[in-house]
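Beneath this line is the structure, given in structure tokens, with notes to follow.
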Amino acid sequence: MEREIANFAHYGKSFQEKLTRLVLDDRQFADQIGEVMDTGFFESKYLQVFNRKIFDYKTKYGTHPTRSIIETILRTELENENDLVKQQVRDFFARAQAAEDGIQDTEYVKEHALEFCKKQKLKEAMIKSVELLKDNSFEKIRSTLDDALKLGIDTDFGYDYLLDFDKRFELKARNARSTGWKEIDEITHGGLGKGELGVVVAPTGAGKSMALVHIGSQAIKQGCSVVHYTLELQDTVIGNRYDACITGFGLNAVHGLKDEIYEKIKDMSGGLIIKEYPTKSASTQTLRAHLEKLRKREIPIDMIIMDYGDLLRPVSAQKEKRNELESIYEELRGLAQEYECPVWTASQTNRSGLNADVITMESISEAFNKCFVADFICSISRTIEDKAANTARMFVAKNRNGIDGLVYPMYMDTRNIELKVLPYQGDTPSSIATFTAKEQREKLKEKYKEFKEERK
């Protein structure tokens, strides 16, 4: 078998010079490839020297050198090189300075250079692992290989507090997706944004899944592509709920309105993928594998819905269930960041939330800490009387993008998948506690009456 050459020689001189110019001018790319590149990969001595000067400067001063600094370095710090190399280095820099056209084939050069360098790092890690195997150091082997695989992946240079000043005031940078609830959108600056995790907390039968379908339907109406994972209900059942929510037809009526529903949804700009897994059979790794399949098919991923997080299997087993749940929610937020989209999920309440007028975070089942990583948490409270009257309350328990601690009245007709958050009435959990249950219901009845009058 022919031994692979461990340098850029087979790419040619032009490729190597383009790569060097990218290292010179693209600070983000220089940071990325700097994790995996050895200057010895360059075939020519002058390119080795030039790249080494850039990376030495970055190591010493923690920043990328400007062209004027490079010019000074090449004038004063080449005394250890022979005359031919000195001249070649300075000639190359002069050509780079004089070049008026941009670098051609930029993405090709970046992709192939990174791929080559990462392979070399992985090869080094595998050789090191052979030695570790002699001592049965399996944890070190795993860590060594994991570290090698991660190198050169991060393309984000980081947020520069001064240079990126304007970004802090651009709401569009979050690419927020509306919840369809005006009142919630107002306090979250447009809804949940990319990389953010939202959690709906409610007891069994209170409408967690309905709320997630409502949020997904609103995203589809906005032209977004939604991936909805279900671990409790069949995919066709979830599909029928979307039918009802998107079209406005009652849930009990959708099976008799096949043609009418198709006419309403056939031209919608958004998309929906529903994927069903048996309870506790899927982990976030399972979801990631499925999302990668969608990516390869060039299916956009604008929102991920997980119904619901408590039913996922942890990637690694923990001694205590609460630790497993905490890790699951951390991993869900990791998916939101990785795929740069909002992730919505739900969580079960403990017994204290079954018939509570307002469900607070203390009622979250099993692991209170699992919601620390969430960006937005709301609870839905429905007593027996509420279910009969199609009423409920939404409590905003956590909101990283705005105010929280507010209680909103809700109109909630689960037969028609109609969930409306009504205007804030000045209520908080503490203020609601001062009312008797009867007084609360009377207060809400008035609000629902107003709501119904407005709809006529």
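Data table
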| read-out | value |
| --- | --- |
| Which numbered condition residue 268 fails, given (1) touching a residue at least 40 places away in the same chain (Cβ under 8 Å); (2) more than 22 Å from residue 294 (Cβ to Cβ); (3) out of contact with any Gly (no Cβ under 6 Å at 6 or more places or on another chain) | (2) |
| Residue count, the stretch 244-267 (criterion: surrounded by 12 or more Cβ atoms within 10 Å (Cβ to Cβ) and within 21 Å of residue 419 (Cα to Cα)) | 12 |
| Test for residue 340: is it out of contact with any Cys (no Cβ under 8 Å at 6 or more places or on another chain), in contact (Cβ under 8 Å) with a residue 24 or more places away in the chain and within 18 Å of residue 271 (Cβ to Cβ) | yes |
| In the stretch 58-73, the residues that are crowded, with 18+ Cβ neighbours inside 10 Å and closer than 22 Å to residue 114 by Cβ | 64, 65 |
| Within the stretch 299-330, tally of residues that are within 24 Å of residue 236 (Cα to Cα) and either assigned to a helix (DSSP H, G or I) or without any contact (Cβ under 8 Å) to a residue 60 or more places away in the chain (or both) | 4 |
| Residue 196 vs. criteria at pLDDT 90 or above, touching a Pro at 6+ places or on another chain (Cβ under 6 Å), within 18 Å of residue 397 (Cα to Cα) and among the charged types (D, E, K, R) | yes |
| Every pair of residues 6+ apart whose Cβ atoms lie under 9 Å, when the first sits in the stretch 273-287 and is closer than 8 Å to residue 229 by Cβ and aromatic (Phe, Trp, Tyr) while the second is part of a strand (DSSP E or B) and modelled with pLDDT of 90 or more | 277/229; 277/230 |
| Every residue from the stretch 127-143 that is assigned to a helix (DSSP H, G or I) and either aromatic (Phe, Trp, Tyr) or at positive phi (or both) | 138 |
| Residues of the stretch 294-341 satisfying the condition of being within 14 Å of residue 283 (Cα to Cα), among the acidic types (Asp, Glu) and at pLDDT below 85 | 324, 326 |
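The values are calculated or read from the model by the stated rules, or taken from the named source; none is laboratory data. Not measured: the values here are computed from a predicted model. Cβ atoms come from the backbone with ideal geometry, glycine included; neighbour counts cover every protein chain shown.
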